[in-house]
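The values are calculated or read from the model by the stated rules, or taken from the named source; none is laboratory data. Just so you know, these numbers come straight off a predicted model, no measurement behind them. Cβ placement follows ideal geometry from the backbone for every residue including glycine, while neighbour counts extend to all protein chains displayed. To get the accessible areas, we keep the full protein, side chains included, count just its heavy atoms, and leave off ligands, DNA and RNA. Shrake-Rupley method; radii C 1.70, N 1.55, O 1.52, S 1.80 Å.
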Amino acid sequence: MSGNTTTHYRTCNLCEAICGLEIEVDGDQVTSIRGDERDVFSHGHICPKATALKDIYDDPDRLKQPVRRVGDRWEPISWDEAFDETIDRIHEIQEKHGRNAVGLYFGNPNAHNFGTLVYGPAFFRALGTKNRFSASSCDQWPLMLASYFMFGHQLRFPIPDVDRTDYMMLIGANPIASNGSLMSAPGIKKRLEAIQKRGGKVVVVDPRRSETARIADEHVFITPGTDALFLLGLLHEVTAAGVNLGRLAEHTKNVDRMIEIAKSYPPEQTAAVTGVPAETAKRLAREFREAPKAVAYGRVGACTQEFGGQCMWLINALNALTGNLDEPGGSMFATPAIDTLKKIGGFGLGRGSYGRWRSRVRGLPEFGGELPSSVMAEEILTEGEGQIRAMVTLAGNPILSTPNGGQLDRAFESLDFILAIDFFINETSRHADIILPPLSPIQRSHYDLALYLVAVRNSANYSPPLFELKKGELDDWQILSELTCRLAGKRHGKLSKEYLSARAIQKAGPERVLDLGLRLGPYGQRLKPFGPGVSLAKLKKQPHGVDFGPLQPTLPDTLPEEHGPIDIAPDLFVEDLDRLHARFASKATDRGDPLLLIGRRHLRSNNSWMHNTSRLMKGKPRCTLMISSTDAERLGVKSGAMVTVRSRVGQVTAPAEVTDDMMAGVVSLPHGFGHDRDGVQLRIASNYPGVSVNDLTDDQAIDPLTGNAAFSGQRVTVTPVGMV
Ligand SMILES: Nc1nc2c(c(=O)[nH]1)N[C@H]1C(S)=C(S)[C@@H](COP(=O)(O)OP(=O)(O)OC[C@H]3O[C@@H](n4cnc5c(=O)[nH]c(N)nc54)[C@H](O)[C@@H]3O)O[C@H]1N2
Ligand SMILES: Nc1nc2c(c(=O)[nH]1)N[C@H]1C(S)=C(S)[C@@H](COP(=O)(O)OP(=O)(O)OC[C@H]3O[C@@H](n4cnc5c(=O)[nH]c(N)nc54)[C@H](O)[C@@H]3O)O[C@H]1N2
Ligand code: SF4
Ligand SMILES: [Mo]
């Protein structure tokens, strides 16, 4: 250490809350991490994960140089050799078996990494494979598909205007643990409490009395996977009392169709399936309708289920028909400083697409250029033309995070070549032939290109890197652009236009794109050098960020012309109602064995990858099977005793945690554990291995409407260890 401490301000990239941090640095060491009280958006809020940014940087298990597998060992190699070997192998496989023979998986941390968001798409295009997968199909595809068909853009995410609402209904979301998702709202606890303080109400609909349910005014237990029926019940009540579309009335279509549909779902009928008493549903509908400003918000629990697409459609419809869509205090849309929905000089994310091609084995439709992650294993394991023979994983750990991870584990073993772009040797990258490690997050500059699109207030903040780059350190975007260039060079030669244009794009660097995006955005300086408005140079002078104020109405202006008005009841979703009827034809759902499995998140975890830091791992074991006392008694299960959980695809053994926070008939196991596999090089995580819930979840259990994994409500049996 040099004895010279400098203070840096930076946005935490670990979850969606966009917290501002104040970081003290001495030489190349981080000496402290605190919340930045002056941050325009987070006002000092942080969670325990922020300090772990230092642990990731210091982690002796973090790779700092490319490695190549030699038998069971890893051999450090130069970047040049690693790039060449990777491109040789990918090129050879694609020449022999076609472009689709190389699959690609894009993980969650990419959403927090503007370098990969800017440079990823060019690499994907260069690979040219239709076998592209991502964590999104284990997460928010239902919301994206609903946005695509209702508002005309897959990324037009409706966000609860939590700071101005009087009534917030959270369905399958636990922001007190997750810090909010598709709702960037640092300090969400205070924001929810503020609703209560101004006389409003917070309602949580969840099969578990979650941390958020504990601070809510009302918690309603619901049978997993039945939320679509609950929502139809609410819509029945709301539409019967008269819809109110407000100023959007002339910009909507299929409203009558929605009203007609809702007539068939009186809460008296849906109650038997959902477990929510009819009187409760009716009262909630009335409260929602009568609240001056109300918003329904659904997240992972409502998305990752058999009817996830319908849930997201019906939530949007409920907000719209009660006059709460695109209105302050309702469900709104952000106006980020960079209009991510527009293409900027060839960069940018498209409106979306649906069904342009289908997966080879199961015939599931493409969405936004991707196939559902649930088909990844079968596309690797099923022989024939178009079979995946090599994989590239980019900031992801699909063996722990996608359904039937056990099958995917076996599938990865059978591949001819795997490239992992990751700084850890985890459950997935341990199978790689080559691992290319990017910088740790604090070593790079940061701008939340994606998350400002879902923030509850419009703001912008740029963070410079904490340290100067050392020789031999490359960031994700450099890795991706180098791979793109070399692939073009290999295929077309170094004089080709493909190669030369890839090199020119590489030279620009992500910050140039960021600057251009800011200047051309809604608060931008434009291309004049000294005009008012933001540019990158101006943001650099504002280390605590720039606030652009609360969310503003954006409809109908942001509806794409080719889409037309807001579609309140899109054909594809309406047609899918037949499936809902067929599924629940027998009315009451099964309540004894098998039990219904759901997931959970813990404040100190971050999906599968923040388990290698002792500061976050100490304390009570987290990977427990939560079970209600009713079920525990019936099954002879005691708290702390080991139980075996079985599903169609696998079994795991975990300690039981008997708690009346669980609805009877439902059990919960968190995801992201299972670190005791051979070859994983995470010393601390291996001491807290836990088991992977995705060794139980079924790759065949999807929401067929959207292709999203249906983690919630899968059937399992639970037996105390020792009993058969
Ligand atoms: N059963 C069940 N399964 C689930 C869920 C659930 O609720 N239940 N949740 C789902 C959801 S919402 C998600 S988003 C997925 C997450 O699924 P994934 O994205 O597949 O998993 P992560 O655990 O986020 O993996 C992140 C990986 O990226 C690496 N990494 C971190 N930062 C960087 C970086 O800057 N660059 C690079 N190159 N690598 C980096 C980490 O080392 C780690 O290996 O899991 C899904 N799976
Ligand atoms: N600390 C921490 N923060 C995180 C993450 C993390 O792993 N740890 N992951 C990040 C990621 S990638 C994401 S996507 C977000 C997710 O953010 P959230 O969606 O807020 O996260 P979860 O805690 O999974 O909340 C889902 C809730 O749905 C409930 N649920 C399960 N099944 C059903 C159902 O069928 N119906 C209803 N109504 N509820 C159901 C669960 O009990 C749970 O309380 O969190 C992000 N933030
Ligand atoms: S809440 Fe999320 S963004 Fe804020 S400090 Fe924690 S991990 Fe970082
Ligand atoms: Mo996620």
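List of remarks:
- Gly180 among the small types (Gly, Ala, Ser), open to solvent by 20 Å² or more (accessible area, probe 1.4 Å) and either under 26 Å from Pro109 (Cβ atoms) or outside any helix (DSSP H, G or I) (or both): no
- Meets criteria (over 14 Å from Val718 (Cβ atoms), of a type in the set (Lys, Arg), surrounded by 14 or more Cβ atoms within 10 Å (Cβ to Cβ) and touching a Lys or Arg at 6+ places or on another chain (Cβ under 9 Å)) for Arg583: no
- Exactly one residue out of Val546, Val574 is of a type in the set (Val, Ile, Thr), open to solvent by less than 60 Å² (accessible area, probe 1.4 Å), over 24 Å from the mean Cα position of the chain (by Cα) and not assigned by TED's automatic domain parsing to the domain that holds Leu394, and it is Val574.
- Only a single item in (1) more than 22 Å from Trp141 (Cα to Cα); (2) touching a residue at least 24 places away in the same chain (Cβ under 8 Å) is not met by Arg601, and it is number (1).
- Evaluation of Asp409 against (1) open to solvent by 10 Å² or more (accessible area, probe 1.4 Å); (2) under 23 Å from the mean Cα position of the chain (by Cα); (3) modelled with pLDDT of 95 or more; (4) within 23 Å of Glu562 (Cβ to Cβ) (one fails), failing number: (4)
- When Leu520, Leu527, Leu495, Leu480 are screened for being open to solvent by 50 Å² or more (accessible area, probe 1.4 Å) and modelled with pLDDT of 95 or more, only Leu495 passes.
- Filter result for Ala432 (in contact with a His (Cβ under 9 Å, 6 or more places away or on another chain) and buried (at least 19 other Cβ atoms within 10 Å of the Cβ)): no
- Looking across region 266-281, the residues that are open to solvent by 30 Å² or more (accessible area, probe 1.4 Å) and out of contact with any helix residue (DSSP H, G or I) (no Cβ under 6 Å at 6 or more places or on another chain) come down to Gln269, Ala272, Gly275, Glu279.
- Spans of strands (runs of 3 or more DSSP E) in region 1-92 with at least 3 residues open to solvent by 40 Å² or more (accessible area, probe 1.4 Å), within 26 Å of Ile425 (Cα to Cα) and modelled with pLDDT of 95 or more: 67-70, 73-76
- Look at (1) crowded, with 24+ Cβ neighbours inside 10 Å; (2) touching a Lys or Arg at 6+ places or on another chain (Cβ under 7 Å); (3) within 30 Å of Thr402 (Cα to Cα) and you find that Ile315 fails only one, number (2).
- So Asp227, is it assigned by TED's automatic domain parsing to the domain that holds Leu321 and crowded, with 20+ Cβ neighbours inside 10 Å: yes
- Hey, Ala135 near ligand 2 (Cβ under 10 Å from one of its atoms), under 17 Å from the mean Cα position of the chain (by Cα) and either open to solvent by 20 Å² or more (accessible area, probe 1.4 Å) or free of Cβ contacts under 8 Å to residues at least 12 places away in the same chain (or both) or not: yes
- Test for Gln310: is it more than 18 Å from the chain's Cα centre (by Cα) and within 24 Å of Ala411 (Cβ to Cβ): no
- Of all residues in region 192-200, none satisfies being open to solvent by less than 10 Å² (accessible area, probe 1.4 Å) and closer than 18 Å to Leu318 by Cα.
- Looking only at residues in region 698-724 that are touching a Ser or Thr at 6+ places or on another chain (Cβ under 7 Å) and assigned to a loop (DSSP other than H, G, I, E, B), the one that is nearest to ligand 2 (Cβ to nearest atom) is Ser712.
- All helices (runs of 4 or more DSSP H) inside region 515-585 with 1 or more residues being farther than 27 Å from Ala455 by Cβ and of a type outside the set (Asp, Glu): 571-575, 577-583
- Looking across region 451-467, the residues that are surrounded by fewer than 24 Cβ atoms within 10 Å (Cβ to Cβ) and over 18 Å from Tyr523 (Cβ atoms) come down to Pro464, Pro465, Leu466, Phe467.
- Consider region 655-679 and keep the residues that are of a type in the set (Val, Ile, Thr) and over 24 Å from the mean Cα position of the chain (by Cα). The one that is surrounded by the fewest Cβ atoms within 10 Å (Cβ to Cβ) is Thr659.
- Odd one out for Ala317, checked against (1) among the small types (Gly, Ala, Ser); (2) in contact (Cβ under 8 Å) with a residue 60 or more places away in the chain; (3) outside the structural domain of Thr274 (by TED's automatic domain parsing): (3)
- Residues in region 63-86 include at least one that is within 16 Å of ligand 1 (Cβ to nearest atom) and hydroxyl-bearing (Ser, Thr, Tyr).
- A count restricted to region 357-382 and to residues that are out of contact with any Phe, Trp or Tyr (no Cβ under 9 Å at 6 or more places or on another chain) and open to solvent by 10 Å² or more (accessible area, probe 1.4 Å) stands at 10.
- Residue list for region 551-570, restricted to those being at pLDDT 95 or above and open to solvent by 80 Å² or more (accessible area, probe 1.4 Å): Gln552
- Within region 99-127, residues that are in the same structural domain as Glu370 (by TED's automatic domain parsing) and part of a strand (DSSP E or B) sit with their Cβ atoms under 6 Å from residues that are β-branched (Val, Ile, Thr) and within 12 Å of ligand 1 (Cβ to nearest atom), at 6+ positions apart or across chains, in these pairs: Leu104/Val392; Tyr105/Thr393.
- Among the strands (runs of 3 or more DSSP E) confined to region 282-378, the ones with at least 3 residues that are of a type in the set (A, V, I, L, M) and in contact with a helix residue (DSSP H, G or I) (Cβ under 7 Å, 6 or more places away or on another chain) are located at 294-298.
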